[in-house]
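Asks: The structure under discussion is supplied below as C-alpha cells; questions concerning it will follow.
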Amino acid sequence: MLAYYGHLEFTHQEQRIVAYLNEKPHKVIELSAEALAKETYTSAATLNRFARKLGYKGFADFRLHYALDYQMLHEKKTSLQNGDYSNINSEDSLSFIHKSLSAEHSKVVSIQKEIYIEVMELINKSEYIDIYATGKNYHLAMIGADNLSFLGKKVAVFNNVEQDHLSRINHSHRICLLLSRTGENPTCLHAARELNAMSAKLISITGKQGSNLNELCALNLYINIDRGGKTQKVTDSISISWIFDYIFMDLLKRQSAK
C-alpha cells in the first residue's frame, strides 16, 4: 500500500514510520496509535500528520483503509499462491498483482539502492541508450524507449546484433541495456560479448542472479519473476515495465529540478 506514495517527500520521522510499516505491515492493525508511535519513536501527532500527507483525514482514517486493504491482499495472496482462482475476479487479481509487485520492487530498490543510484547517474549523463531484447521483451523495450525519447534521450532498440551499428558508434556517451528474464538469452549474451570488446557500459535487467548475462555486465537490475506460476506472463511484463517507469520518473524528477 505504501509503495504508491514513493513520490512524496517524507521527514526523518515519517521515514521511520514508512520503514516500520513496510517491515511489519500487520502492526497497523494490531497496535494503537500510541503504541505505534512508541514503536517508531515518533508521536501520535506525527502519525496524524503522516496520514494527512497520504490524503487521509487522520491516522484513524488511514488505519481503517489500511486494515481493509491488508485483509483483501492477504486473502487474494493466499488464493493465488494456492492456485485457487475461483473466488477472485480479474480486477481483484490485477489489483493484487500490481500492489504486490510494487511493494516487492520497492524493497529491491531499497536493497540495491547504491546500484540504482549508479545506474541512474549513468543513464542521466548518457545521450544515447541502446536496448537489446527479443520476443515479448522487445515490445516492452519499445514502449520504454518511446517514453525515454520523450525526455530527450536518443534510444534505439535491437532484437539482434548489428555489426555495422556497433562498428560506427562512439560508446563514450552511450549505455546499453540488455533485457533477459533468465539472463541466458542467446541474442543478449552475444550482444554483451561484442559490446564488452568495445568497452561499452552494460546494464542487465534480469530476473536471475548469477546468470551468464550478469557476469558480462558491470551493473545488474533485478526484476521480480513468478518462476513457473500461472500468472508469470502478467507478472513478468509488469515487472519489466516497472523498471522502465522507474527510470522515466527518476529522469523526469532530475530534469524538473534543473
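Asks: GluC sites (Glu not before Pro) within the range 177-218: which are DSSP loop residues with at most 16 other Cβ atoms inside 10 Å? Present the calculation step by step, with values, prior to reporting the outcome.
Replies: Details: sites: Glu184, Glu194, Glu215; in loops: Glu184.
For GluC sites (Glu not before Pro) across the range 177-218 that sit outside H, G, I, E and B with at most 16 neighbouring Cβ atoms in 10 Å, the list reads Glu184.
Asks: While we're here: Treating the beta-carbon of each Lys and Arg as +1 and of each Asp and Glu as -1, no other charges, what is the dipole magnitude of the range 125-203 about its Cα centre, to the nearest 20 debye? Before the final figure, lay out each step's value.
Replies: Numbers: 9 positive and 7 negative charges, 43 e Å.
That gives a dipole near 200 debye.
Asks: Is the C-alpha gyration tensor of the range 120-218 telling us rounded, prolate or oblate? Criteria: a/c under 1.5 is rounded; beyond that, a/b larger than b/c is prolate, otherwise oblate. Walk me through the intermediate numbers first.
Replies: Numbers: a/c = 1.43, a/b = 1.18, b/c = 1.21.
Rounded is the answer for the range 120-218, as its axis ratio a/c remains below 1.5.
Asks: Taking the simple approach of a point 7 Å from Cα along Cα-to-Cβ for both Asp164 and Asp250, what is their distance in nm?
Replies: Spacing of the two 7 Å Cα→Cβ label points: 3.4 nm.
Asks: Here is the link list: Lys24/Lys153; Lys24/Lys208; Lys201/Lys253. Which ones come out longer than 29 Å on Cα distance? Let's see the in-between values first.
Replies: Details: Lys24/Lys153 40 Å; Lys24/Lys208 27 Å; Lys201/Lys253 23 Å.
With Cα atoms farther than 29 Å apart: Lys24/Lys153.
Asks: Given points 7 Å out from each Cα along the Cα-Cβ axis, report the Asp146 to Ser43 separation in nanometres with one decimal.
Replies: Going by the 7 Å Cα→Cβ label model, 5.1 nm.
Asks: Another question, then. Quick check: residue separation of Glu194 and Met120 times 0.36 nm, minus the Cα distance between them. What number comes out in nm? Mind showing how you got there, number by number?
Replies: Numbers: separation 74, 0.36 × 74 = 26.64 nm, distance 2.35 nm.
Value of the extension gain: 24.3 nm.
A short reminder: the numbers here are calculations on the coordinates, not readings from a lab. Fair warning: this is a prediction, and the values are worked out from it, not measured in the lab. Virtual Cβ from ideal backbone geometry, glycine too; neighbours counted across all protein chains shown.
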